[in-house]
Amino acid sequence: MNDDDKIKTPLFSHITCEDLDHIYEPSEDSFLLIDALEKDLQVIRTNQPSVCLEVGSGSGVVITAIASALGPQCHYEATDINPRACRITRDTGKLNGVEIHTTCTDLVSGVLDRLKGTVDILLCNPPYVVTPSEEVGKGDLEYTWAGGERGREVMDRLFPDVDYLLSPKGLFYLLVLKENDPDDICDVMKKLGFSSTTVLARQTGPEKLTVLRFCRQR
Ligand SMILES: C[S@@+](CC[C@H](N)C(=O)[O-])C[C@H]1O[C@@H](n2cnc3c(N)ncnc32)[C@H](O)[C@@H]1O
């Protein structure tokens with residue numbers, strides 16, 4: 001692999017301990033998603049993406065990593081329900097020399113009309129931990145991990161909007177946990193018109209994590 005095929009881990013030294021009481025600290029799952037994007041970089045570059053959107057960007061390391069690899073010919077957007085995460089995502093971009101436009105919104109509701117049919121790369125590392133439903137959306141930190149029943153309550157609300165957002169050549173990268181039932185997620189997405197591929201899987205401590213890629217069925 002030559003240097004052009006690698007994705008650098010972004011700098012995030014500006015994030016303070018106090019920030020980490022409110023936003024998601026870049027972790028194994030964040031880095032697995034970055035590794036999956038690196039593994040798929042040729043596929044992504046061949047697609048010549050113009051718009052890349054991350055849903056739930058947290059610290060912004062994932063969108064910044066892909067932005068650093070693809071460069072300024074692509075426009076970078078991120079959403080998060082947490083305003084501090086949006087600010088830190090912009091700052092992570094700046095620290096690494098890339099510009100990221102952020103929108104504080106529930107999933108994609110605040111960008112749906114503006115980005116309809118334009119998103120070439122959609123990224124999401126959702127709150128995926130299996131929790132009681134009451135924990136979903138309880139506070140800044142619960143937003144980062146609490147996924148409710150089967151860990152699916154947040155990501156399941158995103159799936160119906162994928163068709164609306166993605167361009168004809170669009171790719172959707174989703175990080176999931178074994179307990180989220182990846183096979184069922186692929187079935188749900190198939191019914192919505194998307195085929196699936198496993199890009200990368202890794203056991204990290206007790207978590208079996210997988211990055212899935214979806215594209216429109218031909
Ligand atoms: C597991 S963290 C991932 C953060 C970052 N993408 C990463 O990989 O390090 C999930 C992120 O989704 C955000 N989030 C949770 N529910 C959301 C919602 N309904 N709409 C938008 N963002 C949400 C959280 O605030 C958090 O930043």
TODO: Determine which single condition Thr64 fails, assuming it passes every other condition in (1) at positive phi; (2) among the polar types (S, T, N, Q); (3) touching a Phe, Trp or Tyr at 6+ places or on another chain (Cβ under 9 Å).
DONE: (1)
TODO: Spot the failing condition for Leu107; the list is (1) more than 8 Å from the ligand (Cβ to nearest atom); (2) under 17 Å from the mean Cα position of the chain (by Cα), and only one is missed.
DONE: (1)
Open item on the list: Looking at Asp183, Asp156, can you tell me which residue is under 24 Å from Cys215 (Cα atoms), surrounded by fewer than 21 Cβ atoms within 10 Å (Cβ to Cβ), within 12 Å of the ligand (Cβ to nearest atom) and free of Cβ contacts under 8 Å to residues at least 40 places away in the same chain?
Closed with: Asp156
TODO: Pull up the range 12-25, narrow it to residues that are surrounded by fewer than 17 Cβ atoms within 10 Å (Cβ to Cβ) and among the charged types (D, E, K, R), then point me to the one that is farthest from the ligand (Cβ to nearest atom).
DONE: Glu18
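Quick one: which residue in Ile66, Ile121 is part of a helix (DSSP H, G or I) and touching a residue at least 12 places away in the same chain (Cβ under 8 Å)?
From the options Ile66, Ile121, the qualifying one is Ile66.
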TODO: Write out, first by first residue and then by second, each pair whose Cβ atoms fall under 8 Å of each other, whose residues are 6+ apart or on separate chains, and whose first residue, in the range 74-100, is more than 23 Å from Gly139 (Cα to Cα) while the second is within 12 Å of the ligand (Cβ to nearest atom) and of a type in the set (Phe, Trp, Tyr).
DONE: Leu95/Phe12
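Can you name the residue in the range 26-41 that is assigned to a helix (DSSP H, G or I) and within 14 Å of Leu171 (Cβ to Cβ) and is also nearest to the ligand (Cβ to nearest atom) among such residues? Quick ask: steps written out before the conclusion?
Let us first name the residues in the range 26-41 that are assigned to a helix (DSSP H, G or I), namely 28-39, 41.
From what's left, within 14 Å of Leu171 (Cβ to Cβ): 33, 36-37, 39, 41.
Details: Leu33: 6, Ala36: 11, Leu37: 11, Lys39: 16, Leu41: 18 Å.
Applying the filter and picking the extreme gives Leu33.
For Leu175, indicate whether it is within 14 Å of the ligand (Cβ to nearest atom), within 15 Å of the chain's Cα centre (by Cα) and hydrophobic (A, V, I, L, M, F, W, C).
yes
Okay, residues lined up against (1) farther than 23 Å from Pro49 by Cα; (2) in contact with an Asp or Glu (Cβ under 8 Å, 6 or more places away or on another chain); (3) acidic (Asp, Glu):
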site	(1), (2), (3)
Leu123	no, yes, no
Pro132	yes, no, no
Glu142	yes, yes, yes
Gly147	yes, yes, no
Open item on the list: For the range 115-142, which positions are closer than 24 Å to Leu37 by Cα, within 8 Å of the ligand (Cβ to nearest atom) and of a type outside the set (A, V, I, L, M, F, W, C)?
Closed with: Asn125, Pro126, Pro127, Tyr128
Task: Selection from the range 67-100 of residues that are surrounded by fewer than 16 Cβ atoms within 10 Å (Cβ to Cβ) and more than 11 Å from the ligand (Cβ to nearest atom) - done: Gly71, Pro72, Gln73, Lys94, Gly97, Glu99
- [ ] Could you list, in sequence order, all residues of the range 42-63 that are within 12 Å of the ligand (Cβ to nearest atom) and not in a loop (DSSP other than H, G, I, E, B)?
- [x] Leu53, Glu54, Val55, Val61, Val62, Ile63
Open item on the list: Let me spell it out: the conditions are (1) at pLDDT below 95; (2) within 16 Å of Arg213 (Cα to Cα); (3) not basic (Lys, Arg), and Gly137 meets all of them except one. Which number is the exception?
Closed with: (2)
Open item on the list: If the requirement is being touching a Leu at 6+ places or on another chain (Cβ under 8 Å), among the hydrophobic types (A, V, I, L, M, F, W, C), more than 26 Å from Thr131 (Cα to Cα) and part of a strand (DSSP E or B), which of these qualifies: Leu171, Leu209?
Closed with: Leu171
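The values are calculated or read from the model by the stated rules, or taken from the named source; none is laboratory data. It should be emphasised that the depicted structure is a prediction, and the values quoted were computed from it without experimental measurement. Glycine also receives a Cβ, built like all others from the backbone with ideal geometry; neighbour counts cover every protein chain displayed.
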